[in-house]
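Only one structure is covered here, and it is reproduced in the block below.
The values are calculated or read from the model by the stated rules, or taken from the named source; none is laboratory data. Worth saying up front: this structure is predicted, and the values here are computed from it rather than measured. Glycine also receives a Cβ, built like all others from the backbone with ideal geometry; neighbour counts cover every protein chain displayed.
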Amino acid sequence: MSDPDFFLDITGDVCPITFVKTKLLLERMPAGAIAKVRLKGAEPLSNVPRNVVAHGHEVVSVVPETAGTAPRDPHILTILRK
């Protein structure tokens, strides 16, 4: 996949602000644009992708930023704006 059109780092935030910031980003994006969202923590890792799908967008991937796979490790969520 090519470079994202948009990037958001929400690693310093907690739920529910993590999805609020992600939703605001998606609202600014045109259909077909790609966003990468950097997140960490069990709640954001579960809630943000689920809410992205619930709002009609596509989660392309959720992958650990580095070799770590624990929720406390940063992950990269790739979203396709529908």
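Report, by residue number, each residue of segment 10-35 that is part of a helix (DSSP H, G or I) and within 14 Å of His75 (Cα to Cα).
So the first thing to find is which residues in segment 10-35 are part of a helix (DSSP H, G or I), and the list is 17-28.
Selection gives Thr18 alone.
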Discussion item. For Phe7, only one of the following conditions fails: (1) over 17 Å from Arg81 (Cβ atoms); (2) among the hydrophobic types (A, V, I, L, M, F, W, C); (3) not in a helix (DSSP H, G or I). What is its number?
Written reply: (1)
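Phe19 - would you say it is touching a residue at least 12 places away in the same chain (Cβ under 8 Å) and loosely packed, with under 14 Cβ neighbours inside 10 Å? Show your work before the answer.
Numbers: touching a residue at least 12 places away in the same chain (Cβ under 8 Å): yes; loosely packed, with under 14 Cβ neighbours inside 10 Å: no.
No; evaluated as a whole, the condition is false for this residue.
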Worksheet item: Can we say Thr69 is farther than 20 Å from Asp3 by Cα and not acidic (Asp, Glu)?
Response: yes
Worksheet entry | Given (1) modelled with pLDDT under 95; (2) surrounded by 12 or more Cβ atoms within 10 Å (Cβ to Cβ), index of the condition Ala70 fails | (2)
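Name the one entry in Arg38, Arg50 that is surrounded by fewer than 18 Cβ atoms within 10 Å (Cβ to Cβ), free of Cβ contacts under 8 Å to residues at least 12 places away in the same chain and not in a loop (DSSP other than H, G, I, E, B).
Working: Arg38 fails: free of Cβ contacts under 8 Å to residues at least 12 places away in the same chain.
The unique qualifying residue is Arg50.
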